[in-house]
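First the structure, in the form of structure tokens, and then the observations on it.
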Amino acid sequence: MLAPVQPSPASSHDLVDAPDELDDAVRLQDILAPAHWVDKRERVACGDCGLKFSNLFRRRHHCRLCGDLFCKQCVVRKLLCIPRQDKVFVKICKACSVEETGTASSSTTSSVKSPRHQPHDTTRASASWRSMVQTGLSKSSPSLRTQHPLEQPLAGTGSTAQRQRVDVQTNETDRLDVVHGYNIDYTADPHDDILQLCQDAAAAYMCPIAAVSVMEADVQHVVASIGIALRTIPRDVAWMCDTVVSTNRPLVVLDAMQDARYRHCDLVQNDGIRFYAAVPVANMNGWVLGTLAVMATTPREHVDIAPLVALAAAVMTHLRRTKARTRRKRTLSCGSAERPSPDQGLRLQDSNSESLVMSLLAKTTQTQVSLAQQQTAMATTLGDHSNKISQLVQAIERMETMLCDDIGA
């Protein structure tokens, strides 16, 4: 099997030389204030790849849009749009970068609201997904464009044959941490963009069934689907999807009845599935979240896996955008909760000014009282010293009188 080709992010050099660099630039009003950044002590691992931070080998970098912490491999440099200023680049995470790229085309049409706050346009979104898929196809590896011939049937066993399950990844715990970092709501209705990708996959392979799923520890969650109504499938039943997740490689089963690995699968025995093709939905660091799969009840002789790989990349892009949007909303909501309204700010400022004036007056009064007390003490001390000096003068006069009497005698 061939591993899916994942698109590489555009470098900062390409961004500078691009003619539409201002359309792709980050706006100054979208930069998050440092006061609302995530505290470095609260994060022990990168918010994208899940790798643990190290002061020597893997340092922390704040995303200037969402404020979360990421490693160097998970941040990109974006041009900051500052009028009449030299080019300045800021670090943002890949999720925010994907979101900014997806909405940058409409940023010049409005100078009041950020494009991420504009109403959702389903038609434009579908067009952007299709253009993204075409880009993925143009950049895919030539080897992925080769046709997969009908594989020879594997040496089968009887009806009591058991599934030849692949070993689960040894870093399954880390993979689950990455999955949980995307905060996917499995109970929500499928997003229109994901449904559109399922429809495109079903149309591309002329299959009645297409599904996007996320694999948890014990259950497979169907995020969006065409042709099936299931929302959850036990992992020990989802043999073929589990194989894709565990190996991080595409899986093509042209005729499941001739494949000894999956001929006893419930999808094959109970639902009549014969053709199955799936590719992993993985982030740029290779962590597999789930799969994009197409299924049919008739076998195939060959299949081109490249379109499915490109569609899976579009699914991952949608998940990145959703993650960035959710993280930024959470950060902004926390910031707005701590930030007072204008009227409250004015009242608070007036109250603080009055308190400051009263405090200064009180301190001035205390200073005056202290000075008066010090003056009284100094006067008393001077009076005591004058009395002692007078006593000394009288004592000296007596001594002189006594000495004069002794000398005269």
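Laboratory data are not the source of any read-out in this text; all were calculated from the coordinates shown. Only a predicted model underlies this, so the values are computations on that prediction, with no experimental measurement involved. Backbone-built Cβ (ideal geometry, glycine too); neighbour counts: all protein chains shown.
Taking every alpha-carbon pair in the range 354-396 and binning the separations at 5 Å intervals from zero gives 5, 21, 12, 13, 10, 8, 10, 6, 6, 4, 3, 2, 0 percent. The label-point distance for SER390 and ALA33, in a model that sets each label 7 Å from Cα toward Cβ, rounds to 6.9 nm.
Take each peptide in 46-55, 26-35, 280-289, 394-403, count the other Cβ atoms within 10 Å of every residue, and average; sorted highest first, the result is 280-289, 46-55, 26-35, 394-403. Residue pairs exceeding 26 angstrom between C-alpha atoms, taken from LYS87/LYS323; LYS40/LYS87; LYS78/LYS323; LYS87/LYS329; LYS363/LYS388: LYS87/LYS323; LYS40/LYS87; LYS87/LYS329; LYS363/LYS388.
Full extension of the chain segment joining MET402 with ARG43 gains 119.9 nm, where the gain is 0.36 nm per residue of separation less the Cα-Cα distance. Sorting LEU230, LEU80 from the fewest to the most surrounding beta carbons within 10 angstrom yields LEU230, LEU80.
Given a Förster distance of 30 angstrom, what is the FRET efficiency for ASN55 paired with HIS180, based on the Cβ-Cβ distance and rounded to 0.05? After rounding to 0.05, the efficiency reads 0.75.
Taking amide H atoms as placed 1.01 Å from N in the peptide plane, the amide H of GLY290 lies under 5 Å from those of MET215, VAL281, each 5 or more residues away in sequence or on another chain. Computed from backbone phi with θ = phi - 60° and the Karplus coefficients 6.51, -1.76 and 1.60, the 3J(HN,Hα) list for the range 38-45 is 5, 5, 4, 6, 8, 10, 10, 9 Hz; x is used for glycine and proline.
Based on the mean of other beta carbon atoms within 10 Å per residue, what is the order of 290-297, 379-386, most packed first?
290-297, 379-386
One decimal place: the segment ALA377-ALA217 gains 49.4 nm when fully extended, by the rule 0.36 nm per residue minus the C-alpha distance.
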